[in-house]
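Enquirer: Here it is, the structure, as structure tokens.
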Amino acid sequence: MKKILIKNIKQLIQVETTPKEKVVGKEMATLNTIENAWLAIEGDRIIAFGAMDNWGGITDWSNLEVIDASDKVVMPTFCDSHTHIVFAATRESEFVDRINGLTYEEIAAKGGGILNSAKKLQAASENELFDAALHRINEVISTGTGAIEIKSGYGLTVESELKMLRVIKRLKAACPITIKATFLGAHALPTTFKENRNGYIDSIINEMLPIIEEENLADYIDVFCEKNYFTPEETERIIQAGIKQGLTPKIHVNQFNSIGGIQVGVKNNALSVDHLEVMTEQDIKDLANSSTMPTLLPSCSFFLNIPYAPARELINNNLPVCLATDYNPGSTPSGNMPFVLSLACIKLRMTPEEAINAATINGAYAMNLSNELGSIAVGKKANLIITKVIPSFQHIPYAFGSNPVETVILNGEKVSF
Ligand code: NIG
Ligand code: FE
């Protein structure tokens with residue numbers, strides 16, 4: 001079996017001897033680090049690691065590639081648990097509209113936004129969507145992403161939602177990165193159902209979900225629970241139908257308004273509630289003592305110029321925080337996790353340790369992948385980043401806009417990008 005030994009690692013970060021599924025509250029301030037370290041990979045797994053003055057773990061030196069990581073940091077790849085990376089076209093004209101004073105909501109009200117993306121996606125072929133998404137996935141791998149969640153939600157018809165999910169299924173098979181699929185049929189109300197909200201929800205539940213189950217097209221179910229999109233009652237009806245078909249909820253809530261989405265998520269054991277730019281004290285209380293992961297998307301706040309989520313309050317209330325990109329053509333045209341880390345530190349006032357925990361092990365939790373990914377632990381999948389020469393891991397969020405990643409190893413293999 002092929003082996004890789006990485007030696008002279010300046011800092012090996014996010015190491016675990018007793019793996020945890022997530023880190024919570026104050027624990028997030030600790031990032032276990034070994035200075036001057038080595039790490040061994042066999043096949044697709046991490047088999048051993050330690051300090052350079054404590055050699056061990058490797059007995060068979062045959063078929064071994066040695067990588068010298070002097071002055072470099074080694075860490076687990078990022079787990080980006082919230083993206084909409086399958087789409088047909090970018091939306092620069094809305095970007096310009098916003099510069100000229102329109103809001104995201106105003107653009108959506110005049111037929112832009114999600115409905116604009118749906119029109120383009122409905123006209124695109126499965127192959128076109130696949131090729132464009134593959135290109136974007138290669139780009140996010142180059143900035144250190146090793147696992148990604150991808151949502152549907154730009155189809156908004158039976159045929160086009162299934163087309164999106166089939167593209168995601170093909171990406172799962174074709175890409176070295178771990179992919180989870182989320183069905184977001186309830187992303188926006190299509191114009192054809194403008195006067196018949198229940199008709200569209202019935203179509204999601206009675207037409208789309210059964211085929212999704214039959215073809216095994218999704219792991220999760222999502223709803224955009226927001227004013228002018230879907231109410232908390234509608235959200236609950238849709239996610240409960242998804243749960244019946246074996247899908248776990250992961251939902252968009254509290255992006256512009258706090259309308260009860262958190263409570264619906266917690267009550268229905270959502271794996272995560274995502275966005276949280278607008279949070280009440282009650283929302284934070286209701287999240288405490290739940291197993292639902294609060295997921296923050298600061299590059300969406302950056303791009304739309306909307307408030308940032310209250311990360312410090314969440315952490316101070318002993319909650320975990322997860323960070324993801326939200327990569328999509330409307331609110332976040334970027335899948336760059338190092339930039340998300342920078343925003344987390346600069347705008348959310350998270351420390352580099354907290355931000356890295358949020359983007360690795362807590363991201364893994366938000367995709368049910370903590371047993372495989374999200375930390376450096378013996379037996380976990382060898383999905384690793386080797387950085388360029390940098391002084392310390394704090395340099396990663398500090399040097400915003402530059403790519404700290406030199407080498408990415410996925411499933412124990414160096415990938416080119
Ligand atoms: O997470 N908020 C809902 N959905 C996406 C944006 C979708 C779009 O504008 O195309 C988000 O920000
Ligand atoms: Fe989103």
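Enquirer: Got at least one residue in the range 344-358 being surrounded by fewer than 24 Cβ atoms within 10 Å (Cβ to Cβ), of a type in the set (D, E, K, R), farther than 27 Å from E277 by Cβ and touching a residue at least 60 places away in the same chain (Cβ under 8 Å)? So that I can check it myself, show each step before the final result.
Expert: Residues of the range 344-358 that are surrounded by fewer than 24 Cβ atoms within 10 Å (Cβ to Cβ), as a first pass: 345-349, 351-353.
If we keep only those that are of a type in the set (D, E, K, R) as well, we get 347, 349, 353.
Okay, now just the ones that are also farther than 27 Å from E277 by Cβ, so none.
No; the residues of the range 344-358 include none that is surrounded by fewer than 24 Cβ atoms within 10 Å (Cβ to Cβ), of a type in the set (D, E, K, R), farther than 27 Å from E277 by Cβ and touching a residue at least 60 places away in the same chain (Cβ under 8 Å).
Enquirer: For residues in the range 309-332 being within 12 Å of ligand 2 (Cβ to nearest atom) and assigned to a loop (DSSP other than H, G, I, E, B), which is nearest to A89 (Cα to Cα)?
Expert: Taking the range 309-332 and keeping what is within 12 Å of ligand 2 (Cβ to nearest atom), we get 324-332.
Narrowing further to those that are assigned to a loop (DSSP other than H, G, I, E, B): 324-327, 329-331.
On the way: A324: 21, T325: 18, D326: 16, Y327: 13, P329: 7, G330: 10, S331: 13 Å.
Here the answer is P329.
Enquirer: Separate question: Among the residues of the range 1-53, what is the count of those that are within 25 Å of the chain's Cα centre (by Cα), surrounded by 14 or more Cβ atoms within 10 Å (Cβ to Cβ) and of a type in the set (K, R)?
Expert: 3
Enquirer: When you scan the range 77-90, do you find a residue that is buried (at least 19 other Cβ atoms within 10 Å of the Cβ), in contact with a Cys (Cβ under 8 Å, 6 or more places away or on another chain) and of a type in the set (S, T, Y), even just one? Break it down into steps so the answer makes sense when it comes.
Expert: Quick first cut of the range 77-90, residues buried (at least 19 other Cβ atoms within 10 Å of the Cβ) only: 77-88.
Still in the list and also in contact with a Cys (Cβ under 8 Å, 6 or more places away or on another chain): 81.
With the extra rule that they be of a type in the set (S, T, Y), the set shrinks to 81.
Yes, that holds for at least one residue.
Enquirer: Are any of the residues in the range 68-75 touching a helix residue (DSSP H, G or I) at 6+ places or on another chain (Cβ under 9 Å) and in contact (Cβ under 8 Å) with a residue 60 or more places away in the chain?
Expert: Step one: of the range 68-75, the residues touching a helix residue (DSSP H, G or I) at 6+ places or on another chain (Cβ under 9 Å) are 73, 75.
Retained after the next criterion (residues that are in contact (Cβ under 8 Å) with a residue 60 or more places away in the chain): 73, 75.
Yes, that holds for at least one residue.
Enquirer: What are the pairs with Cβ atoms under 6 angstrom where one residue, in the range 1-20, is among the β-branched types (V, I, T) and the other, located anywhere, is surrounded by fewer than 16 Cβ atoms within 10 Å (Cβ to Cβ) and not in a loop (DSSP other than H, G, I, E, B)? Sequence gap at least six, or different chains.
Expert: Hits for this filter: I4/E65.
Enquirer: When residues of the range 222-250 are filtered for being without any contact (Cβ under 8 Å) to a residue 60 or more places away in the chain and over 23 Å from M279 (Cβ atoms), how many remain?
Expert: Counting residues in the range 222-250 that are without any contact (Cβ under 8 Å) to a residue 60 or more places away in the chain and over 23 Å from M279 (Cβ atoms) gives 8.
Enquirer: Now a separate question. Within the range 180-197, can one find any residue that is crowded, with 21+ Cβ neighbours inside 10 Å, away from ligand 1 (no atom under 15 Å from the Cβ) and closer than 28 Å to P76 by Cα?
Expert: Yes, some residue in the range 180-197 is crowded, with 21+ Cβ neighbours inside 10 Å, away from ligand 1 (no atom under 15 Å from the Cβ) and closer than 28 Å to P76 by Cα.
Enquirer: Return yes when G335 is surrounded by 24 or more Cβ atoms within 10 Å (Cβ to Cβ) and either closer than 21 Å to N138 by Cα or away from ligand 1 (no atom under 16 Å from the Cβ) (or both) and no when it is not.
Expert: Details: surrounded by 24 or more Cβ atoms within 10 Å (Cβ to Cβ): yes; either closer than 21 Å to N138 by Cα or away from ligand 1 (no atom under 16 Å from the Cβ) (or both): yes.
Taking the combined requirement at face value, the residue satisfies it.
Enquirer: Let me ask another. Need the failing condition index for D222 against (1) acidic (D, E); (2) over 16 Å from K180 (Cα atoms); (3) surrounded by 21 or more Cβ atoms within 10 Å (Cβ to Cβ), just the number.
Expert: Only one criterion in (1) acidic (D, E); (2) over 16 Å from K180 (Cα atoms); (3) surrounded by 21 or more Cβ atoms within 10 Å (Cβ to Cβ) is unmet by D222, namely (2).
Enquirer: Also, I was wondering about something else. List every residue pair whose Cβ atoms sit under 6 Å apart, with the two residues 6 or more apart in sequence or on different chains, where the first one lies in the range 281-301 and is β-branched (V, I, T) and the second, anywhere, is in a loop (DSSP other than H, G, I, E, B) and within 16 Å of ligand 1 (Cβ to nearest atom).
Expert: Every condition considered, the pairs that remain are T292/A270; T295/H82; T295/A324; T295/A366.
Enquirer: Restricting the range 81-107 to residues that are within 11 Å of ligand 1 (Cβ to nearest atom) and of a type in the set (V, I, T), which is farthest from S334 (Cα to Cα)?
Expert: Step by step, filter the range 81-107, then rank; the result is I107.
Enquirer: Identify, please: which residue in the range 114-136 is in contact (Cβ under 8 Å) with a residue 60 or more places away in the chain and buried (at least 22 other Cβ atoms within 10 Å of the Cβ) and is, among those, farthest from ligand 1 (Cβ to nearest atom)?
Expert: Out of the qualifying residues, it is A118.
Enquirer: Further question: Tell me, please, whether a residue that is crowded, with 18+ Cβ neighbours inside 10 Å, within 16 Å of ligand 2 (Cβ to nearest atom) and on the phi > 0 side of the Ramachandran plot can be found in the range 276-283.
Expert: yes
Enquirer: Conditions first: (1) part of a helix (DSSP H, G or I); (2) under 23 Å from P404 (Cα atoms); (3) in contact (Cβ under 8 Å) with a residue 12 or more places away in the chain. I46 passes all but one, so which condition is the exception?
Expert: Only one criterion is unmet by I46, namely (1).
Enquirer: Continuing with the same structure: Being away from ligand 2 (no atom under 13 Å from the Cβ), within 23 Å of L369 (Cα to Cα), assigned to a loop (DSSP other than H, G, I, E, B) and not β-branched (V, I, T) is the filter here, so list the residues in the range 290-308 that pass it.
Expert: S290, S291
Since every read-out is calculated from the coordinates, none of them should be taken as a lab result. Here the structure is a predicted model, which is why all the values come from computation and not from measurement. For neighbour counting, all protein chains shown are included, and Cβ atoms are generated from backbone atoms with ideal geometry for every residue, glycine included.
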